[in-house]
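Trainee: Could you have a look at this structure, given as structure tokens, before my questions?
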Amino acid sequence: MQLLVESPIGPLGVRLDGDTVVGVRFGASHGEPGGHPAAEQLAAYFAGSLTDFTVPVELRGGSDFERAVWAEIAKIPYGEMLTYGAIATALGEPGAARAVGTACNHNPVPVIVPCHRVVGAGGKLVGFGGGLPRKRKLLELEARVALERAWGG
């Protein structure tokens, strides 16, 4: 089953296997409207009221390295960023920043597994399967919400 979820970064196609999210695709053009916890959580995320997804997710496919990258990405806290190089180093492959970028591009569940939180050296905004404008919007949303929460807003 595929859901069609409207969002500030354009429509998202959310592929489900039962109640488990197995895919998120940018620019979807068809699917069932909301009515599922994944759609509700994505709406809450974009509204700034959800910072941690709890919907079941299954990351299918990918090499062992890609799966390790996705696991590291999933650990990045809301409103924070890591560099491709930092993730490569955390995985014991300090020279593999480009391979981390490729793995991010192959992430089957973007937004929920937050590959948008991975940036280039020095915090440079580079690479994103959904395009840099979407990445910027996601990072800006999270930065705004994180600041509002920190300042009691």
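Trainee: I need a count of the residues in the stretch 25-66 that are hydrophobic (A, V, I, L, M, F, W, C) and not in a loop (DSSP other than H, G, I, E, B).
Mentor: 10
Trainee: Among all residue pairs at least 6 apart or on different chains, which show Cβ distances below 7 Å where the first residue, located in the stretch 45-60, is open to solvent by less than 80 Å² (accessible area, probe 1.4 Å) and the second is basic (Lys, Arg)?
Mentor: LEU59/ARG67
Trainee: Return yes or no: is ALA38 under 22 Å from VAL126 (Cβ atoms) and open to solvent by less than 30 Å² (accessible area, probe 1.4 Å)?
Mentor: Against the criterion (under 22 Å from VAL126 (Cβ atoms) and open to solvent by less than 30 Å² (accessible area, probe 1.4 Å)), ALA38 does not qualify.
Trainee: What residue, of GLY130, GLY152, GLY95, GLY123, is exposed (fewer than 12 other Cβ atoms within 10 Å of the Cβ) and touching a residue at least 40 places away in the same chain (Cβ under 8 Å)?
Mentor: GLY123
Trainee: While we're here: Provide a single number: the residues in the stretch 98-130 that are modelled with pLDDT under 95, more than 27 Å from LEU42 (Cβ to Cβ) and hydrophobic (A, V, I, L, M, F, W, C).
Mentor: So the count comes out to 1.
Trainee: Related question: Looking only at the stretch 1-33, count how many residues are among the polar types (S, T, N, Q), closer than 23 Å to GLY61 by Cα and at pLDDT below 95.
Mentor: Of the residues in that region, 1 qualify.
Trainee: Then there's this: Right, ARG15: in contact with a Pro (Cβ under 7 Å, 6 or more places away or on another chain), open to solvent by 80 Å² or more (accessible area, probe 1.4 Å) and more than 22 Å from LEU139 (Cα to Cα) or not?
Mentor: no
Trainee: If you don't mind, another one. One residue is enough: does the stretch 99-116 have a residue meeting the conditions over 26 Å from PRO11 (Cα atoms), open to solvent by 10 Å² or more (accessible area, probe 1.4 Å) and of a type in the set (A, V, I, L, M, F, W, C)?
Mentor: Checked against the condition, which is being over 26 Å from PRO11 (Cα atoms), open to solvent by 10 Å² or more (accessible area, probe 1.4 Å) and of a type in the set (A, V, I, L, M, F, W, C), the stretch 99-116 yields at least one hit.
Trainee: If you go through the stretch 90-105, how many residues are among the aliphatic types (A, V, I, L, M) and part of a loop (DSSP other than H, G, I, E, B)?
Mentor: Qualifying residue count, the stretch 90-105: 2.
Trainee: Still on this structure: Would you check if there is a residue in the stretch 67-80 being in contact (Cβ under 8 Å) with a residue 12 or more places away in the chain, open to solvent by 50 Å² or more (accessible area, probe 1.4 Å), over 24 Å from GLY23 (Cβ atoms) and not in a helix (DSSP H, G or I)?
Mentor: Checked the stretch 67-80: at least one residue is in contact (Cβ under 8 Å) with a residue 12 or more places away in the chain, open to solvent by 50 Å² or more (accessible area, probe 1.4 Å), over 24 Å from GLY23 (Cβ atoms) and not in a helix (DSSP H, G or I).
Trainee: Which residues, taken from the stretch 141-153, are part of a helix (DSSP H, G or I) and either in contact with a Phe, Trp or Tyr (Cβ under 7 Å, 6 or more places away or on another chain) or of a type outside the set (D, E, K, R) (or both)?
Mentor: Once the filter is applied, which keeps residues that are part of a helix (DSSP H, G or I) and either in contact with a Phe, Trp or Tyr (Cβ under 7 Å, 6 or more places away or on another chain) or of a type outside the set (D, E, K, R) (or both), the stretch 141-153 yields LEU141, GLU142, ALA143, VAL145, ALA146, LEU147, ALA150.
Trainee: Take the residues in the stretch 106-140 that are part of a helix (DSSP H, G or I) and of a type in the set (A, V, I, L, M), then tell me which one is farthest from GLY23 (Cα to Cα).
Mentor: Taking the candidates together, the pick is ALA121.
Trainee: While we're looking at this one, here's another question. Of the conditions (1) closer than 18 Å to GLY10 by Cβ; (2) in contact with a helix residue (DSSP H, G or I) (Cβ under 9 Å, 6 or more places away or on another chain), LEU132 fails just one. Which one is it?
Mentor: (2)
The values are calculated or read from the model by the stated rules, or taken from the named source; none is laboratory data. Keep in mind that this is a model prediction, so the values were computed, not measured. In this analysis, Cβ positions are derived from the backbone assuming ideal geometry, glycine residues included, and neighbour counts consider all displayed protein chains. For the accessible areas, the whole protein counts, side chains as well, though only heavy atoms, and no ligand, DNA or RNA atoms are used. Shrake-Rupley method; radii C 1.70, N 1.55, O 1.52, S 1.80 Å.
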